[in-house]
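*Asks:* Submitted below is the structure of interest, expressed as structure tokens.
The values are calculated or read from the model by the stated rules, or taken from the named source; none is laboratory data. The shown structure was predicted, so the numbers you read here are calculated from the model rather than taken from an experiment. Cβ coordinates were reconstructed from backbone atoms using ideal geometry, including for glycine residues, and neighbour counts include every protein chain displayed. Ligands, DNA and RNA are excluded from the accessible area calculation, which covers all protein heavy atoms including side chains. Shrake-Rupley method; radii C 1.70, N 1.55, O 1.52, S 1.80 Å.
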Amino acid sequence: MARTVIVGAGGVGSVVAHKCAMNIEDFGDVLLASRTVSKCEAIAREVLERTGVTIRTQALDADDVKATAGLLMIEGAELLINVALPYQDLHLMDACLEAGVHYLDTANYEPKDEAKFEYHWQWAYQERFRQAGLMALLGCGFDPGVTSIFTAHAKKHRFDRIDTLDIIDCNAGDHGQAFATNFNPEINIREVTAKGRFWQDGAWVETDPLSVRREFDFPAGIGEKAIYLMYHEELESLTTHFPEIQRARFWMTFSDNYLKHLEVLGNVGMTRIDAVEFNGQQIVPLQFLKALLPDPGSLGPLTEGRTCIGNVITGEKDGKPVTCYLYNLCDHADCYAEVGSQAVSYTTGVPAMIGAKLILNGTWREAGVRNVEQMDPDPFMAELNVHGLPWTESFPETSGLDD
Ligand SMILES: NC(=O)c1ccc[n+]([C@@H]2O[C@H](COP(=O)([O-])OP(=O)(O)OC[C@H]3O[C@@H](n4cnc5c(N)ncnc54)[C@H](OP(=O)(O)O)[C@@H]3O)[C@@H](O)[C@H]2O)c1
């Protein structure tokens with residue numbers, strides 16, 4: 001009997017499995033299920049070595065709703081943690097409804113044939129989850145996830161009104177490879193090559209991919225880096241749940257080397273997501289490229305440096321203007337030493353574990369579909385400090401974004 005079922009044995013799944021094992025009293029028996037069972041078994045072996053806790057494993061095609069619901073019912077599961085790919089979200093939500101199990105994920109649903117990050121498919125499940133008395137907690141990684149909870153914390157404690165929100169994701173790590181992505185290359189490249197979009201005065205403004213650039217001076221010795229405006233899914237939920245926000249943007253750092261490779265790959269058609277015929281076979285160039293690139297999981301022992309992900313928020317408190325910068329610093333090598341993964345998987349997997357813990361112990365239990373920023377941020381913010389993602393809050397004079 002597994003109280004907690006983790007689906008997806010990738011980089012993030014490995015961190016979630018480790019962190020659940022490290023807090024096994026909160027999770028009960030844990031089952032890790034994924035398409036390739038050998039990957040589950042390899043993670044389970046590492047978890048046993050590092051923590052002394054045994055987690056069980058199982059082959060599962062998460063797109064098979066009946067099989068997933070059957071597994072959840074046989075196990076008598078209470079919660080499913082979805083850290084497979086965004087394509088599986090709706091199938092896993094269907095399976096949870098069928099089996100009467102709570103649901104948590106870290107990325108919103110995407111149709112396979114179109115890079116489209118929108119919540120409406122998952123928000124449409126609201127009534128069904130509510131009527132079933134089940135919770136579906138969406139976007140409980142770092143971004144979305146912690147950045148969304150940072151926003152809720154700022155609104156609860158630091159602002160009467162939020163005017164602008166800038167989420168800034170910096171990976172100042174170096175893996176020494178010519179070109180590699182830090183998480184699933186297909187998902188990562190689809191995201192980065194999509195058009196940019198930000199929220200301004202009640203409407204979306206679209207920008208060409210990676211065409212808006214600024215310099216931002218990161219704390220703790222990381223220093224100045226180029227950041228690029230992108231669209232990211234939490235902008236949709238945050239501007240929905242905090243409608244006072246006048247402008248919301250998302251930025252990410254990229255090295256010149258990464259961008260040079262991406263440009264060439266794009267120019268020659270290797271980032272296409274439609275099928276092309278090759279030697280009588282249909283292949284999707286981006287999926288083929290994924291097969292050639294280093295497995296993000298293999299970057300763990302090679303990566304040095306830190307990530308710095310956070311929110312710059314401006315607004316008003318007690319009639320006075322306030323600027324607040326909330327961020328987390330995470331060291332790649334420290335993550336590797338603790339759970340055998342680099343910081344990008346770690347910063348996603350730890351919040352997923354915390355959200356799962358809060359659902360299981362009833363602290364964050366509401367029937368219906370919820371984005372994390374709709375919940376009370378305080379217990380989550382406290383858990384971040386305990387489980388490896390401590391946060392810092394500062395009140396600079398200006399946003400540092402030159403606008
Ligand atoms: N919110 C955030 O901050 C954040 C950040 C990074 C990533 N993410 C999200 O986290 C999730 C996991 O990312 P990752 O980097 O761990 O990806 P990954 O390394 O590619 O792992 C995905 C895992 O899902 C499994 N899978 C794929 N399709 C499946 C299916 N139909 N049935 C069962 N298992 C299936 C894969 O199986 P195989 O091993 O057989 O391929 C793989 O083990 C993604 O949704 C990603 O978008 C969120």
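*Asks:* Which aspartates and glutamates have a Cα less than 15 Å from the Cα of Lys320, not counting those fewer than 8 places away in the same chain?
*Replies:* Here the aspartates and glutamates satisfying the reach criterion relative to Lys320 are Asp160, Asp163, Glu397.
*Asks:* Using the charge dipole of the chain (Lys, Arg: +1 at Cβ; Asp, Glu: -1 at Cβ; taken about the Cα centre), state which of Asn188, His261, His91 has its Cα farthest towards the positive end.
*Replies:* Most positive-ward Cα: His91.
*Asks:* Going through segment 332-375, which GluC sites (Glu not before Pro) have at most 16 other Cβ atoms within 10 Å and a DSSP loop state?
*Replies:* In loop regions of segment 332-375 (DSSP not H, G, I, E or B), the sparsely surrounded GluC sites (Glu not before Pro) are Glu366.
*Asks:* What does the C-alpha gyration tensor say about the overall shape of the chain? Classify as rounded when a/c is under 1.5, otherwise prolate if a/b is larger than b/c, or oblate.
*Replies:* Taking the square roots of the gyration eigenvalues as a ≥ b ≥ c, the chain is rounded.
*Asks:* Go ahead and set up a Gaussian network model of the chain, Cα springs under 10 Å, then flag whichever of Gln131, Gln342, Gln246 fluctuates most.
*Replies:* Looking only at Gln131, Gln342, Gln246, the largest GNM fluctuation is found for Gln131.
*Asks:* Select from Gln374, Ala333, Ala343 the residue farthest towards the positive end of the dipole of segment 303-380; place +1 on Cβ of Lys and Arg, -1 on Cβ of Asp and Glu, and compute about the Cα centre.
*Replies:* Value: Gln374.
*Asks:* Ser345: accessible area at probe 1.4 Å, nearest 10 Å²?
*Replies:* Result for Ser345: roughly 10 Å² accessible.
*Asks:* Something else now. Taking the Cα centroid of segment 333-367 and of segment 160-190, what is the distance between the two, rounded to the nearest whole Å?
*Replies:* Segment 333-367 and segment 160-190 have Cα centres spaced 18 Å from each other.
*Asks:* Follow-up. Using unit Cβ charges (K, R positive; D, E negative) and no other charged atoms, how large, in debye to the nearest 20, is the dipole of segment 245-316 about its Cα centre?
*Replies:* Here segment 245-316 has a charge dipole of around 140 debye.
*Asks:* Please get the size of the charge dipole for segment 114-179, origin at its Cα centre, with Cβ charges of +1 on Lys and Arg and -1 on Asp and Glu, quoted in debye to the nearest 20.
*Replies:* Here segment 114-179 has a charge dipole of around 420 debye.
*Asks:* For a quick check of understanding: with a 1.4 angstrom probe and all protein chains in place, what accessible area in square angstrom does Ile283 have, to the nearest ten?
*Replies:* Approximately 50 Å² for this residue.
*Asks:* Continuing with the same structure: If you take the charge dipole of segment 131-226 about its Cα centre, with +1 on Lys and Arg Cβ and -1 on Asp and Glu Cβ, which of Met135, His157, Leu210 is farthest toward its positive end?
*Replies:* Met135
*Asks:* Let me ask another. Relative to the Cα centre, what is the charge dipole magnitude of the chain, using +1 at the beta carbon of each Lys and Arg, -1 at the beta carbon of each Asp and Glu, and rounding to the nearest 20 debye?
*Replies:* With Lys and Arg at +1 and Asp and Glu at -1, about 400 debye.
*Asks:* How would His175, His332, His157 line up by accessible area, probe 1.4 Å, largest first?
*Replies:* His157, His175, His332
*Asks:* Hey, if we sort Arg130, Arg370, Arg190 by accessible area with the 1.4 Å probe, largest down, what's the order?
*Replies:* Sorted descending by solvent-accessible area, the residues read Arg130, Arg370, Arg190.
*Asks:* Measure out, as a whole number of angstrom, how far apart the alpha-carbon centroids of segment 142-157 and segment 110-135 sit.
*Replies:* Distance between centres, Cα-based: 21 Å.
*Asks:* At a probe radius of 1.4 Å, what is the per-residue accessible area of Ile24, in Å² to the nearest 10?
*Replies:* 60
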